[in-house]
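Visitor: This is the structure, below, for whatever I ask next.
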Amino acid sequence: MKGRLFLSMLLVFLFITPVFARGMFSENWDPPQVRLIYPTGDEVSLSGQDSLEFKWSKFDGSIIYRDYYDFRLYKGCATLEDNLILKQRIDYDEYSIKVKADLFQDGEVYTWTLRQVYRADGKSDRSYSTFKIIRK
């Protein structure tokens, strides 16, 4: 008897979950943008560093339905395909990425973008930040 009740409840849960997820990602649902923490504007010193760590908020949106983060790094201010120097998928429960310092040139400006991607095709708007590298 308990086994049948459990099986019945499990089947109901499995049928309801996709309906809930579709409702969550309806036309009216707008996934929240990621809040970037570092680097955000100004100059970034890489003197004596072997990498630069990019960090963002742990609190933007529901982790339950998030699939991954889409991280992109561009040389310059324009986020054009020709300026793209790094593109990476980051696990949904990670909130930073380290990029080797060798990728950056002294005095150059870089822009990084990040957006949340959800399992039911929901994507947040991209969050942007531009910064300048110094090696003093």
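The values are calculated or read from the model by the stated rules, or taken from the named source; none is laboratory data. Predicted model only: the values in this text are computed from it and were never measured. Note that each Cβ is placed from the backbone with ideal geometry, even for glycine, and that neighbours are counted across all protein chains shown.
Visitor: Pick out the one residue from GLY48, GLY107 that is of a type in the set (Gly, Ala, Ser) and modelled with pLDDT of 95 or more.
Guide: Details: GLY48 fails: modelled with pLDDT of 95 or more.
Only one candidate qualifies: GLY107.
Visitor: While we're on this one: Regarding segment 87-94, can at least one residue be identified that is modelled with pLDDT under 95, outside any strand (DSSP E or B) and exposed (fewer than 12 other Cβ atoms within 10 Å of the Cβ)?
Guide: yes
Visitor: From PHE71, PHE59, which residue is modelled with pLDDT of 60 or more and assigned to a strand (DSSP E or B)? Steps first, answer last, please.
Guide: Details: PHE59 fails: assigned to a strand (DSSP E or B).
Checking each option against the conditions leaves just PHE71.
Visitor: A further question on this structure: Looking at segment 1-23, can you tell me whether even one residue there is modelled with pLDDT of 60 or more and closer than 16 Å to TYR118 by Cα?
Guide: no
Visitor: I want to confirm something. Restricting to segment 110-122 and keeping residues that are in a strand (DSSP E or B) and within 17 Å of the chain's Cα centre (by Cα), which single residue is modelled with the lowest pLDDT? Can you show your working first?
Guide: Taking segment 110-122 first, the residues in a strand (DSSP E or B) are 110-118.
Now drop any that are not within 17 Å of the chain's Cα centre (by Cα), which leaves 111-118.
Numbers: THR111: 98, TRP112: 98, THR113: 98, LEU114: 97, ARG115: 94, GLN116: 90, VAL117: 90, TYR118: 87.
The residue in question is TYR118.
Visitor: Consider segment 107-130. How many of its residues are under 17 Å from TYR38 (Cβ atoms) and either hydroxyl-bearing (Ser, Thr, Tyr) or not assigned by TED's automatic domain parsing to the domain that holds TYR95 (or both)?
Guide: The total comes to 7.
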